[in-house]
Amino acid sequence: MNMKKLRFSRFVFLGLFCSSIIATGCSLTGGVPQWSGGGFIRKEFLEYKKVAVLPFKDDTKGEASDAFTQSFNEKFQQIALVERKQLSGTFEEHDLYPDQLSESTRRKIGEVFGVQALIIGNVYYPSILRWLLQVQIIDVETGEVMGRSLVEINYMGAEGVKKACRIAVQNLTVK
């Protein structure tokens with residue numbers, strides 16, 4: 001009788017374990033993030049000298065914006081960056097609102113910071129473990145999209161954020 005209880009216990013444990021893996025969307029590869037996405041960058045953008053990374057929408061702690069900035073700087077070393085942290089005080093001073101990118105706001109940010117493009121982003125959390133990072137590079141004069149990247153990650157935590165941002169930058173390839 002004890003053998004039957006032991007087998008039953010093992011069966012229940014195995015069932016719960018497998019169910020938890022399926023329910024959370026985690027892989028069996030040691031917590032490696034599962035991701036998908038794509039992107040592009042226009043060839044003309046590579047001639048730009050300076051861009052500004054605005055705070056990403058719904059990135060309350062700035063983790064995604066900062067991680068993206070670091071990865072972007074590593075890939076595009078020839079382009080100078082104005083980081084999110086450098087922008088915050090100046091926005092208030094010049095009455096600018098980065099989440100309201102009208103033509104006049106775009107151009108004013110370009111003038112104040114001497115940048116040719118703005119990098120804007122959105123972080124979406126459609127579920128507990130799945131999230132999306134969308135990034136666009138916008139020309140300050142024309143409003144034209146110079147690049148775009150979208151990444152879907154099935155992983156949480158700081159490493160997941162860094163990985164998503166690295167992938168988002170990797171997706172910025174000339175097409």
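Within the same chain, aspartates and glutamates fewer than 8 places from LYS61 are excluded, and of the rest, those with a Cα less than 18 Å from its Cα are GLU83, ASP99, GLU159.
3J(HN,Hα) along region 114-123, derived from phi through the Karplus expression 6.51 cos²θ - 1.76 cosθ + 1.60 where θ = phi - 60°, amounts to x, 10, 9, 8, 10, 9, 10, x, 10, 10 Hz, with x in place of Gly and Pro. Of the trypsin sites (Lys or Arg not before Pro) found in region 97-139, none is in coil by DSSP with at most 15 other Cβ atoms within 10 Å of its Cβ. Summing charges over neighbours of LYS85, with a neighbour being any other residue whose Cβ is under 14 Å away from its Cβ, gives -3 when K and R count +1 and D and E count -1. Note that region 40-54 has calculated 3J(HN,Hα) couplings of 7, 9, 6, 4, 4, 4, 5, 8, 5, 9, 8, 9, 10, 9, 7 Hz, one per residue in order, obtained from phi through the Karplus relation 6.51 cos²θ - 1.76 cosθ + 1.60 (θ = phi - 60°); glycine and proline are x. Over region 33-170, all Cα pairs binned in 10 Å intervals from 0 give whole-percent P(r) values of 12, 46, 32, 9, 0, listed from short to long. Can you check what the net charge comes to around ILE153, using other residues whose Cβ is under 14 Å from the Cβ of ILE153 (Lys, Arg +1; Asp, Glu -1)? Taking every Cβ under 14 Å from that of ILE153, the sum is 0. Relative to the Cα centre, the charge distribution of region 33-170, modelled as +1 at Lys and Arg Cβ and -1 at Asp and Glu Cβ, gives a dipole magnitude of about 440 debye. Other residues within the sphere of radius under 13 Å centred on the Cβ of ASN171, judged by their own Cβ, net out at +4 (K and R +1, D and E -1). Pairs exceeding a 25 Å alpha-carbon distance, out of LYS108/LYS162; LYS108/LYS163; LYS75/LYS175: LYS108/LYS162; LYS108/LYS163.
A short reminder: the numbers here are calculations on the coordinates, not readings from a lab. Given the structure is predicted, the values throughout are model-derived calculations rather than measurements. Cβ sites come from the backbone with ideal geometry, for glycine too, and all protein chains shown count toward neighbours.
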